[in-house]
Amino acid sequence: TSIDIGGSSLRILAGERGVELPIERSPTGELTAEARERLTREIRAFLAGGLFSRKVVGGVSSRGASLRNFRLPPAAKEETGRLVALQLEKEFPLSPQELAWGYAAVSRNGPAPSSTPPGQEVTVAALRREVLDSYSELLAACGLKAVFTLGLLAGTSLCPRPAGPQWVVHIRRTQSELVDFQEG
């Protein structure tokens, strides 16, 4: 089961079935109370009776997210998260506790295998924690447990990766996103 949460709609793909639900937001960008109630009701109805996974991958719009590369000193794999948190504290106006963030090690040949310690360069994605908490609460009310990533990155994982540079564009009504992959 996968869910794509954009600025104006929420799309669900469960098995071979899918639905797109409109989202109403407050002027500050949060889901309105009415939208939360309606979405909960409609998501539950869509999933009713289906034998779908209750674990979902949630793709969120990159609007409001920051994607940055950091160069870190060499460290053991278990220390990298602490070093990333220190770098976040230095570079962002919000504390690491106020951010939802994740990172991936970068090497010249693509992401490092999970069995090896990450290199000195990491790519970090971060956004306000309250945004993901709001989505998590909505989906939990529907009986779903979500793991989130940027929607554009989730979409690129569905495409074969050619050798060499790759550009992926996601065009929406009010916002477009571009990601540029070089050397993996």
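FYI, it's all coordinate maths here, none of it is from the lab. No experiment lies behind these values; they were computed from the predicted model shown. Ideal geometry is used to build each Cβ from the backbone, glycine not excepted, and the neighbour counts take in all protein chains shown.
Listing for the model above:
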{"item": "Candidate aspartates and glutamates for bridging to LYS90, where Cα separation is under 16 Å - those fewer than 8 sequence places away on the same chain excluded", "result": "GLU98"}
{"item": "Modelled FRET efficiency - R0 25 Å, THR40 with THR174, Cβ distances, 0.05 increments", "result": "0.55"}
{"item": "Interchain or long-range residues, amide H under 5 Å from LEU99's placed H", "result": "ARG129"}
{"item": "Relative packing of 97-105, 50-58, which averages over residues the other C-beta atoms within 10 Å, highest first", "result": "97-105, 50-58"}
{"item": "ALA75 versus GLU16: modelled label distance in nm, points set 7 Å from Cα along the beta carbon direction", "result": "4.8 nm"}
{"item": "Two-site label geometry, ARG82 and LEU67: point separation in nm, points 7 Å out along Cα→Cβ", "result": "3.0 nm"}
